[in-house]
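Trainee: Next up is a structure, given as structure tokens.
FYI, it's all coordinate maths here, none of it is from the lab. Bear in mind the structure is a predicted one, so any value in this text is a computation, not a measurement. Positions of Cβ are backbone-derived with ideal geometry, glycine not excepted, and every protein chain shown enters the neighbour counts.
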Amino acid sequence: MAGLYIHIPFCKSRCIYCGFYSTTRLQMRQRYVDAVCREMELTAQRWLSSPCCTPISTVYIGGGTPSQLTFEQLQQFFIYINKVYGTTVFPPLNDNLSTKGTSTVGDSAAKEPSESRKPADVEVTIEVNPDDVTEAYASMLARLPVNRVSMGVQTFNDQRLQFLRRRHTAAQITTAVDHLRQAGINNISIDLMYGFPGETIGDWHRDIDRALALGVEHLSAYSLQYEEGTQLTNLLNSHSIMPIGEEVERRMYYDLIDHLTAAGYEHYEISNFALPHRRSRHNSNYWNHTPYIGLGVAAHSFDGNKRRWNVSDIERYIEGIENGRPFIDEETISGIMRYNDLVMISLRTIDGLNLSMLPSEQQSYCLAQSKRYIDSGLLVYDGRSHRLRLTRNGLFVSDMVIVDLFMV
């Protein structure tokens, strides 16, 4: 079952750590939405004629800040998904679509009563910022096929939120979750960060406790990363801030695992935790090497044989789509690339790498490369299931281990 990703690059302001493609040019939103819908039409035949074409099982609207779009703009996406991919992914939507993008969440279009439009078998996720989730906005989401919300929380400490240039406060996080619950959205994920300059173990424990108190179904947690070209990295390079020590970061990671698993969450991927039956199906598609469609500026697609990606420039992206000639780069997945991809994504998960999926010579290579990590306790090999997995100690240094198993 395939995944569909739509990238929304718009943000009111940029966070200092973000390395994803984004823009603050909010005046381009409707033109961009129209371009994404046109991209669906331009690329549909390629997808539908692919031997790897399978029904869409997940939709993920990410960013950027998708919660900066209007009701009509989001609705337009779902109408086009049904129209273009030749299958009823969602129950019928209102076809009286405004393409001007002038309505806001609080307008009458978002308040009119309607029957439930929740897809039974399709996971539909949208990323939101806590400060965007008003009562009216949550009610609007409930009118769309959205059945999962991923919220960028990062921390419950207001000073650290200001340091990151986040727009929301800690108090708005709880309010946003309450609004979503009251609107009937009962699959909520939050993102957390740890390893801030000057952060203590006690600070991190307080963030974990606040997250657990929300009772959300899913939680992702990442150490603060210094991405090239970001304001955060500029602060580091100018010695304005100091990175946290590796041992403190290691303890924070292990404490995260211990606290969340004790609370009933399954640690199913290096940075992801879920209550029973609440894993992210969309992200699991990536980790299972499942084909996916990527739409929008800088978005990537994978059909099982080729990887494609759109230009990382919103003006060039829109220009190419409007002229019917998208700016797309692509590469064919070779045997070595396929091996490296499987190693990279599979070892991130609790299930690990199934060596049976590899040709015999690659199996032998992988096991030979793994031996010293098995001996040192960073990897474990289960001969019965023919699977290779990272241990608890291996998870923290996963990048080092995974890269060392690559073929060149």
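Trainee: Could you work out how far apart the two model spin labels at GLU247 and LEU367 are, taking each label as a point 7 Å from the Cα in the direction of the beta carbon, and quote it in nm?
Mentor: 3.8
Trainee: Next up: Under 11 Å from the 7 Å Cα→Cβ point of ILE79, by amide nitrogen: which residues of segment 1-27?
Mentor: Taking a point 7 Å out along Cα→Cβ of ILE79, no residue of segment 1-27 has its backbone N under 11 Å.
Trainee: Would you list which aspartates and glutamates come within 13 Å of LYS12, measuring only between C-alpha atoms, while excluding same-chain residues fewer than 8 positions from it?
Mentor: Partners within reach: ASP131, ASP132.
Trainee: Near LYS371, which aspartates and glutamates are there with a Cα under 12 Å away, not counting those fewer than 8 places off in the same chain?
Mentor: Hits, sequence-local ones excluded: ASP404.
Trainee: How charged is the neighbourhood of LEU353? Take every other residue with its Cβ under 14 Å from the Cβ of LEU353, and add Lys/Arg as +1 and Asp/Glu as -1.
Mentor: -1
Trainee: Which cross-chain or sequence-distant (5 or more) residues have an amide H under 5 Å from the amide H of GLY63, H modelled 1.01 Å from N in plane?
Mentor: For GLY63, whose amide H was placed from the backbone, the distant partners under 5 Å are ILE8.
Trainee: Enumerate the calculated ³J(HN,Hα) couplings along segment 225-242 in order (Karplus 6.51 cos²θ - 1.76 cosθ + 1.60, θ = phi - 60°), each rounded to whole Hz, writing x wherever the residue is Gly or Pro.
Mentor: 10, 9, 7, 4, x, 8, 4, 4, 5, 4, 5, 5, 5, 8, 6, 6, 9, 10
Trainee: Going toward the positive end of the dipole of the chain, with +1 on Lys and Arg Cβ and -1 on Asp and Glu Cβ, which of GLN76, HIS277, THR174 do you reach last?
Mentor: Final value for the positive-end residue is GLN76.
Trainee: Let me ask something else about it. Please report the net charge: other residues with Cβ closer than 13 Å to the Cβ of ASN237, K and R +1, D and E -1.
Mentor: So the environment of ASN237 carries a net charge of -2.
Trainee: If you don't mind, another one. Compute the separation of the alpha-carbon centres of segment 219-275 and segment 40-63 and state it in Å as a whole number.
Mentor: 33
Trainee: Mind checking the full-extension length gain between HIS289 and THR332? Use 0.36 nm per residue of separation minus the Cα-Cα distance, one decimal, nm.
Mentor: In short, 14.0 nm is gained.
Trainee: For segment 302-350 and segment 146-207, what is the separation of their Cα centres, given in Å?
Mentor: Comparing the Cα centres of segment 302-350 and segment 146-207, I get a distance of 31 Å.
Trainee: On a full-extension model of 0.36 nm per residue, what is the gain between ASN234 and ILE257, subtracting their alpha-carbon distance, rounded to one decimal in nm?
Mentor: Length gained, ASN234 through ILE257: 5.2 nm.
Trainee: Continuing with the same structure: Given an 8 Å cut-off on Cα distances and at least 6 residues of separation, report the relative contact order of the chain as a percent.
Mentor: In percent, rounded to a whole number, it is 16.
Trainee: Once both labels are modelled 7 Å past Cα along the beta-carbon direction, what's the ASP131-ASN323 spacing in nm?
Mentor: Result for the modelled spin labels: 3.8 nm.
Trainee: Taking neighbour Cβ counts within 10 Å as the exposure measure, how do SER334, SER364, SER139 sort from fewest upward?
Mentor: Neighbour counts put them in this order, fewest first: SER334, SER364, SER139.
Trainee: Report the full-extension gain for the segment ARG384 to ASP404: residue separation times 0.36 nm, less the Cα-Cα distance, to one decimal in nm.
Mentor: 4.8 nm
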